[in-house]
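The values are calculated or read from the model by the stated rules, or taken from the named source; none is laboratory data. All of these numbers come straight from a predicted model, not from anything done at the bench. Counting neighbours? That spans all protein chains shown, and the Cβs are built from the backbone with ideal geometry, glycine included. SASA here: full protein model, heavy atoms, side chains in, ligands and nucleic acids out. Shrake-Rupley method; radii C 1.70, N 1.55, O 1.52, S 1.80 Å.
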Amino acid sequence: MTKNKTLIYLLPLLMFFALAGLLFSSLGNDPRLLPSAKLGKMLPDFALPSLYGQETLTAESVSGDAFLLNVWATWCPSCRVEHPVLNQLAEKGVDIIGLNYKDDEGEARAYLKQLGNPYKVVVRDDSGDLGLDLGVYGAPETYIVNSDNRIVYRHVGIVTMENWQSTLRPIYNSARKNTTLREVSQ
Amino acid sequence: MNSVRACLFLVISIIAFNTLASIEIYEFESDEDERRYQSLITELRCPKCQNQNLSGSNAEIAKDLKKRVYKLISQGKSDTEIVDYLVERYGDFVTYRPPVKPSTWLLWFGPFILFSFVGIFLLWRTRRVNKEASNKPDVDREKLQQILSSYPGETKRTDDK
């Protein structure tokens, strides 16, 4: 009986610790990082103009091997921070396709002329329709699309050398065909 | 004085212009469609500004989503189709009514579980208290009177109290 009573009196304390533990574990969570609904799904179909040239780009025409799909815009300050990293990755042989999101064509070209162009092709999504189909809610966002045109990863925010090394690179490499032959090192 | 007035006029017209600019105007085929649009944009959540619904938000993405909702309504899509369409792209996050599935069970049933725990606890406690009340020690009144009468002084003292 006394043992039972002690237990009952300890209950509020235990509940407090449980709640404190729960809240503490959630402290590091970033509420802005939403799970992507598109993981494992195919890249949505689109038919959009290229930033350079007259051709119409489609999901099929940009596919081939795995690539990074980088959502960027000239109005996005973080994209400027991220840009040198993308240039470095392109130099290493990483395939990056740009999605110029809700932007002005002329400004976008001037931006790439000034900062360098890491993109294999740049898809112009002036209306934001492809962005909406992808579930983009801000720029920059970077998707890893595998050789079957399936979205395998979504990175929200700036790509840095650190998160490339730790997270994106392994996923990108395993998304490629002939991983052993064409692995991107470092 | 005139320049102050001109200034004020300018400021007010700028404010007025801004308010106008933030309202999207859509033409609906029927009042029913408009009502559906209004209820959908209050029920859908803006992915960027997380504590607002689409109707309360002026973020670019919210505008795009409202435009898409309008388009889907004009295409004759049903409410569930439209919500599914957005959930397919933005996840359960976009709706303020999360679907019932294993990862949301705690959210849906948690309060009821907690409530029944409290209920069970209260029931258990009242039953115990009742039991204690009925477990009053049996007092043999006659014997008590006998004992008390054999100590006249004691009886008096108790009466004084």
Q. Among all residue pairs at least 6 apart or on different chains, which show Cβ distances below 8 Å where the first residue, located in the stretch A:117-136, is within 14 Å of chain B (Cβ to nearest Cβ) and the second is hydroxyl-bearing (Ser, Thr, Tyr) and assigned to a helix (DSSP H, G or I)?
A. A:Gly135/B:Tyr90
Q. Out of all the residues in the stretch A:92-121, which are under 21 Å from A:Met42 (Cβ atoms) and either hydrophobic (A, V, I, L, M, F, W, C) or outside any strand (DSSP E or B) (or both)?
A. A:Asp95, A:Ile96, A:Ile97, A:Leu99, A:Lys120, A:Val121
(Q) With away from chain B (no Cβ under 14 Å), on the phi < 0 side of the Ramachandran plot and open to solvent by 40 Å² or more (accessible area, probe 1.4 Å) as the only criterion, which of A:Ala90, A:Ala110 stands out? (A) A:Ala110
Q | Those residues of the stretch A:47-81 which are within 24 Å of B:Cys46 (Cα to Cα) and not in a helix (DSSP H, G or I), in sequence order | A | A:Leu69, A:Asn70, A:Val71, A:Trp72, A:Ala73, A:Thr74, A:Trp75, A:Cys76
Q | Hits in the stretch A:160-175 (condition: out of contact with any His (no Cβ under 8 Å at 6 or more places or on another chain), open to solvent by 20 Å² or more (accessible area, probe 1.4 Å) and in contact (Cβ under 8 Å) with a residue 12 or more places away in the chain) | A | A:Thr160, A:Met161, A:Gln165, A:Arg169, A:Ile171
Q | Scan of the stretch A:27-67 for residues that are open to solvent by 50 Å² or more (accessible area, probe 1.4 Å) and closer than 14 Å to A:Gly135 by Cα, ordered by number | A | A:Arg32, A:Leu33, A:Pro35, A:Leu39, A:Lys41, A:Met42, A:Asp45
**Q.** All positions within the stretch B:99-113 that are open to solvent by 30 Å² or more (accessible area, probe 1.4 Å) and not small (Gly, Ala, Ser)
**A.** B:Pro99, B:Val100, B:Lys101, B:Pro102, B:Trp105, B:Leu106, B:Leu107, B:Trp108, B:Phe109, B:Pro111, B:Phe112, B:Ile113
Q: Could you tell me which numbered condition A:Leu89 fails, if it satisfies all but one of (1) in a helix (DSSP H, G or I); (2) closer than 25 Å to B:Gln50 by Cβ; (3) under 16 Å from the mean Cα position of the chain (by Cα); (4) not small (Gly, Ala, Ser)?
A: (2)
Q: Name every residue in the stretch B:49-98 that is open to solvent by 10 Å² or more (accessible area, probe 1.4 Å), under 21 Å from the mean Cα position of the chain (by Cα) and more than 9 Å from every other protein chain (Cβ to nearest Cβ), in order of residue number.
A: B:Cys49, B:Asn51, B:Gln52, B:Asn53, B:Ser55, B:Gly56, B:Val83, B:Thr95, B:Tyr96, B:Arg97, B:Pro98
**Q.** Any chance B:Lys101 is over 18 Å from the mean Cα position of the chain (by Cα) and at pLDDT below 85
**A.** yes
(Q) Given the condition surrounded by 13 or more Cβ atoms within 10 Å (Cβ to Cβ) and either within 29 Å of A:Gly135 (Cα to Cα) or not polar (S, T, N, Q) (or both), answer yes or no: does some residue in the stretch B:122-132 qualify? (A) no
(Q) Can you list residue pairs whose Cβ atoms sit under 6 Å apart, with the first residue in the stretch B:75-100 being in a loop (DSSP other than H, G, I, E, B) and the second being of a type in the set (Ser, Thr, Tyr) and surrounded by 12 or more Cβ atoms within 10 Å (Cβ to Cβ)? Count only pairs 6 or more apart in sequence or on different chains. (A) B:Pro98/B:Thr104
